[in-house]
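For reference, the structure discussed in these notes is given below.
The values are calculated or read from the model by the stated rules, or taken from the named source; none is laboratory data. Nothing here was measured: the structure is a model prediction, and the numbers come from that model. No Cβ is skipped: glycine too gets one built from the backbone with ideal geometry, and neighbour counts run over all protein chains shown.
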């Protein structure tokens, strides 16, 4: 090590840069959740049927008809107010399969990310705290599973949303105001609203994923990580809601754009993060 002040400053700057590069590990969660999002694509394709007695080779299949009575009780529990049919998912027949996939996949992904950061801390000696990420992720996993259905059954379903909504907001504010800061209270309110939307929209689980990634970006303090999460969230909203403003995807890719494009954003972000880490070492 040099004793020259300018050389010491240069070495210190280089050491800080390497420490930041070693601390950043968002590239693997991006790749993991990108693959998980891509794996959900088959669950959102339309089911095609032909009328009984008709030859499938002579008649063009049409979208199968369905009613909410055909769905199991668990689906109604997870979607207490039903599920909206958007421009992309207009042909999508709701089922319990995507719900089960997302619950298991996001839970396993969350556990894998926590293990990954702890393993990295033991390897490189620089730890990225995962407490906030864990809190946000668990909160967003538990609310759609338990919180929103229970609130819908006990409060919203009995009082009506005009009365139940102000009561819920007041209870959340009262429970969090003295414990933490105003920002914490606003964050909890936003997560409650996000969890409610997750039960309404077919692509709602992507909201849960986005919330967890926002918490991860806050911890990482990385420009690439933050930009990727912002683009991912914007892509989720754009590909699923653009049809409401007159933009429609070509039919051959319509049922893949809702998950494939957001997955592509995460995969690209993960690759860029991995390359930047190798270049900084």
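I'd like the residue in the range 86-101 that is within 11 Å of residue 44 (Cβ to Cβ) and modelled with pLDDT of 55 or more and, out of all such residues, is surrounded by the most Cβ atoms within 10 Å (Cβ to Cβ).
92
Is one or more of the residues making up the range 136-149 loosely packed, with under 15 Cβ neighbours inside 10 Å and modelled with pLDDT under 80?
no
Can you say whether residue 40 is at pLDDT 70 or above and within 24 Å of residue 230 (Cβ to Cβ), as far as the supplied structure shows? Reasoning before the result, please.
Working: at pLDDT 70 or above: yes; within 24 Å of residue 230 (Cβ to Cβ): yes.
Against the criterion (at pLDDT 70 or above and within 24 Å of residue 230 (Cβ to Cβ)), residue 40 qualifies.
So, residue 219, is that one more than 30 Å from residue 44 (Cα to Cα), touching a residue at least 60 places away in the same chain (Cβ under 8 Å), part of a helix (DSSP H, G or I) and within 24 Å of the chain's Cα centre (by Cα) or not? Steps first, answer last, please.
Values: more than 30 Å from residue 44 (Cα to Cα): yes; touching a residue at least 60 places away in the same chain (Cβ under 8 Å): yes; part of a helix (DSSP H, G or I): yes; within 24 Å of the chain's Cα centre (by Cα): yes.
Against the criterion (more than 30 Å from residue 44 (Cα to Cα), touching a residue at least 60 places away in the same chain (Cβ under 8 Å), part of a helix (DSSP H, G or I) and within 24 Å of the chain's Cα centre (by Cα)), residue 219 qualifies.
Which of (1) surrounded by 13 or more Cβ atoms within 10 Å (Cβ to Cβ); (2) modelled with pLDDT under 80 does residue 122 not meet, given it meets every other one?
(1)
In the range 132-153, how many residues are in contact with a helix residue (DSSP H, G or I) (Cβ under 9 Å, 6 or more places away or on another chain) and without any contact (Cβ under 8 Å) to a residue 12 or more places away in the chain?
1
Condition first: in contact (Cβ under 8 Å) with a residue 60 or more places away in the chain and buried (at least 23 other Cβ atoms within 10 Å of the Cβ). Now tell me which residues in the range 222-231 satisfy that.
Within the range 222-231, 225, 228 qualify.
Looking at the structure I just gave you, is residue 102 within 24 Å of residue 231 (Cβ to Cβ) and part of a helix (DSSP H, G or I)? Let's see the steps before the verdict.
Values: within 24 Å of residue 231 (Cβ to Cβ): yes; part of a helix (DSSP H, G or I): yes.
Taking the combined requirement at face value, the residue satisfies it.
Just one of (1) closer than 23 Å to residue 79 by Cα; (2) touching a helix residue (DSSP H, G or I) at 6+ places or on another chain (Cβ under 9 Å) trips up residue 162, so point out which.
(2)
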